[in-house]
Amino acid sequence: MATEIKAPTFPESVAEGSVAAWHKKPGDSVERDELIVEIETDKVVLEVVAPEAGTLSEIKAEEGDTVTSEQVLGTLGAAGEAKSEPKAEENADDKAAEKSDAQSAPKAEASGKTHDVKAPTFPESIQEGTVATWHKKVGEAVKRDEVLVDIETDKVVLEVVAPADGALAEIKAEEGAQVESEAVLASFAEGAGGDAAPDKAEASASQGSGDDQGGDEKVGDKILAPAARKMVAEHDLDVAKIEGTGKGGRVLKEDVQKAVKEGAAQKSKAAPTSAAAPAAAAAPVAEGERPEKRVPMSRLRKTIAKRLVEAQQTAAMLTTYNEVDMGAVMDLRAQYKDTFLKAHDTKLGFMGFFVKAASEALKRFPDVNASIDGGDIVYHGYQDIGVAVSTDRGLVVPVLRDTDSMKIADVEKTIVDFGKRARAGKLGIDEMQGGTFTITNGGIFGSLMSTPILNPPQTAILGMHKIQERPMAVNGKVEIRPMMYLAVSYDHRMIDGKDAVQFLVTMKELLEDPARLLLDV
């Protein structure tokens, strides 16, 4: 009996995820608890393992598909269970042998499952595309994931691949046709192919030498496919120097790519055409390489952007600043850093002092430790402080639980562990939920002053900055002191300016005299 492979149960704050990578293909044997597929959410990458030993029989959610909590991703059959494709291929051979008029059949005889070959899902900024080049003819045998057709949009050329081993049964969108997102381009039959090309495909191919077929354009004595025409224009190539390998000498995209790579079709600079001369004068070309790279925004980056914009649009956000003399903390750290390392097997940093000072200040100012839930204010009788961690994928905020009862050594160890696992993408969703206050440290990147943005539904966030030596007035004398600017952004709907300022002053007093953290004064 088939076993369903389901996506994990997402927490309430995660609505959906994307299928990042399948580690097994249909027909592959898997062991119990072996990794099958990874699901990327806006916070972490989740691993889905095999619920039992068996064979992956079907994939229902392809890579890149958006899935919801507990959605069925595929099915797992019994160990050694055979797939249906080999049998389909045998049936195709039998049918081909039985039909004496296979060459004149109007459609490739498919013996397996039939699929719709669809255009890719276009981004919101792209409304439609053009069928640029069909790389396979009807009835021609193809392998799974082999390129069938190129779709040219106004930004990129997208490749559509075969969903399985088989052949095209019918082409529904000829070259040059305009298609929308997920439009049906052709029908595909598993297990078919070889020698069952229909008359329609032959007729379409025989028209390849025409001057105006399927969006092709004739330049001089050369016929260019749409994708090839675009590349010729982009690279300013001499079409006469490009050898076409398509039907009737048609210039394909691959021919242009080869010419670009070999540099054999560049236009002569000594004799520019009369049409090109005015254009060159109007738009001078910058010298040297000007590389650009376009990559899709990750789901994590999209979520960060969405939440930051929501925070600015929803909260009445203000920021108050102060400065703290870090001399006492730095002296204490220098005095005990070696002893601390030997005793706790971790380095003594600054975050431990800031987390402990924030915990004490939050107890004194409960409004700063509260959150807004719709029309309600939720006061938290505990301090769960999130610490912002920068990774290659974006910013994540793992949470330290019950920081009031944590020792400085525990804080330092946990933050180091969070940093390592965040950069490896191994943080759990539960580790990034439920914070009551957040600390972000832009100082490690050299920031002297900034305005942190709230992390909803929290009502305040503390920004740390670079320690900078500055001349300060101390007891009537000018001294050079290690100073740090602190910033607290707060939601004025919940927190009055007086409380925010006093909260930050309390932080300043505790850090400038760390003994107060031990004496609870």
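Annotations for the structure displayed:
Yes or no, residue by residue, for (1) polar (S, T, N, Q); (2) assigned to a helix (DSSP H, G or I); (3) at pLDDT below 60:
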| site | (1), (2), (3) |
| --- | --- |
| Ala203 | no, yes, yes |
| Ala227 | no, yes, no |
| Met231 | no, yes, no |
| Gln257 | yes, yes, no |
| Ala264 | no, no, no |
| Lys269 | no, no, yes |
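- Those residues of the range 133-165 which are in a strand (DSSP E or B) and either of a type in the set (Lys, Arg) or touching a residue at least 60 places away in the same chain (Cβ under 8 Å) (or both), in sequence order: Thr133, Val138, Asp150, Glu152, Val157
- Selection status of Thr451, in contact with a Gly (Cβ under 8 Å, 6 or more places away or on another chain), in a strand (DSSP E or B) and of a type outside the set (A, V, I, L, M, F, W, C): no
- For the range 317-354, filtering for residues that are in a loop (DSSP other than H, G, I, E, B) and either of a type outside the set (Gly, Ala, Ser) or more than 22 Å from Asp402 (Cβ to Cβ) (or both) leaves 6.
- Selection count where residues are part of a helix (DSSP H, G or I) and touching a residue at least 40 places away in the same chain (Cβ under 8 Å), scope the range 419-435: 3
- Considered as a group, the residues in the range 309-330 that are at pLDDT 95 or above and among the acidic types (Asp, Glu) include one that is surrounded by the fewest Cβ atoms within 10 Å (Cβ to Cβ), and that residue is Glu323.
- Residues of the range 454-482 that turn out to be assigned to a loop (DSSP other than H, G, I, E, B), on the phi < 0 side of the Ramachandran plot and of a type outside the set (D, E, K, R), as a count: 6
- Ala286, sole failed condition from (1) closer than 20 Å to Leu158 by Cα; (2) at pLDDT below 70: (1)
- Residue within the range 183-192 that is assigned to a loop (DSSP other than H, G, I, E, B) and at pLDDT 85 or above present: yes
- Residue in the range 483-498 that is more than 28 Å from Ile304 (Cα to Cα) and in a strand (DSSP E or B) present: yes
The values are calculated or read from the model by the stated rules, or taken from the named source; none is laboratory data. As the structure is a prediction and not an experimental result, all values here were calculated from the model. Don't worry about glycine lacking a Cβ; one is built from the backbone with ideal geometry, like all the others, and counts go over all protein chains shown.
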